[in-house]
1. Could you grab the relative contact order for the chain? Cα pairs under 8 Å, six or more apart, rounded to a whole percent.
2. Relative contact order (percent) for segment 2-81, with alpha-carbon contacts under 8 angstrom and 6 or more residues of separation?
3. Please go through the residue pairs 100/133; 111/136; 100/139; 30/75 and name each one whose alpha carbons sit more than 22 Å apart in this structure.
4. Give the lysines reachable from residue 81 as a straight Cα distance under 28 Å; neighbours fewer than 8 places away on the same chain don't count.
5. For segment 94-141, just run the numbers: alpha carbon Rg, then divide by 2.2 N^0.38 Å, N being how many residues it has.
6. From the P(r) of the chain, can you give the percent of Cα pairs sitting at distances over 24 Å?
7. Toward the positive end of the charge dipole of the chain, about the Cα centre and with charges on Cβ (Lys, Arg +1; Asp, Glu -1), which of 52, 135, 9 goes farthest?
8. Starting from the Cα-Cα distance between residue 4 and residue 131, subtract it from 0.36 nm times their residue separation and give me the gain in nm to one decimal.
Amino acid sequence: MLYRVVNKYNNGIIEDFIDYSEKSYGINPKNIKTSVVSIFKYEVESSIKPSIINIGNKNYIVPNWIPCHPKTELKDIIWVKKLYNIDDEPKIEKLTWKFKSSSGDNEYITKKKGDKYTCNCRGAWRAKNGECKHIKEVKSYNK
C-alpha cells in the first residue's frame, strides 16, 4: 500500500514523499517534530481505464503519463471516468440554404459543413462530382 508521509523536523525542514509498505507504516521519531502519514492514491481522470507501464526503469500511469512510485499497483489508482462530450469537439461552421423547385412545390436544402456541401435534390446524386446547380450557386456566393 502507498503512503504519503509529511515529516516536519526540529530544524524546520519539511519532507513530503510517497512511500510503500506491505504492513503498517512506522515512523522513526528521531529529530521529527511532527509527522503525518496517510494512505495515498493517484487520481486519474480519463475516458479509458488507466494502466501502469514501465519505460527505462520508470513507471507511468497511462493514458495521462503520470510518473508514479515504482511499487504502484492498480489498486493505488482512483479512476475518475471522463465521458466523451460532443461539446469538446471543435466547432465547425454549419450553414443551410433553401431553394424552391422551379418545376413544382418541392423545397431543396443545401448544406455546408466545414468545406463539404450537400443537397437533397436529384441533381446532386446524378452529377459525377456531386455538385448540383444549388451547390454551384452557393459556392459562387461564398467566393
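Each value in this text was obtained by applying a stated rule to the coordinates, not by laboratory testing. These numbers were taken from a predicted model, which means no experiment stands behind them. Cβ coordinates were reconstructed from backbone atoms using ideal geometry, including for glycine residues, and neighbour counts include every protein chain displayed.
1. On the way: 211 pairs, mean separation 20.5, N = 143.
Relative contact order comes out at 14 percent.
2. Working: 131 pairs, mean separation 22.8, N = 80.
It rounds to 29 percent for segment 2-81.
3. Values: 100/133 12 Å; 111/136 12 Å; 100/139 18 Å; 30/75 32 Å.
Beyond 22 Å: 30/75.
4. The qualifying lysines are 41, 49, 58, 71, 91.
5. Values: Rg = 10.2 Å, N = 48, 2.2 N^0.38 = 9.6 Å.
Normalised by 2.2 N^0.38 Å, the Cα Rg of segment 94-141 equals 1.06.
6. Numbers: 6309 of 10153 pairs.
For the chain, the fraction of Cα-Cα distances above 24 Å is 62 percent.
7. Among 52, 135, 9, the one farthest towards the positive end of the dipole of the chain is 135.
8. Values: separation 127, 0.36 × 127 = 45.72 nm, distance 6.47 nm.
In short, 39.2 nm is gained.
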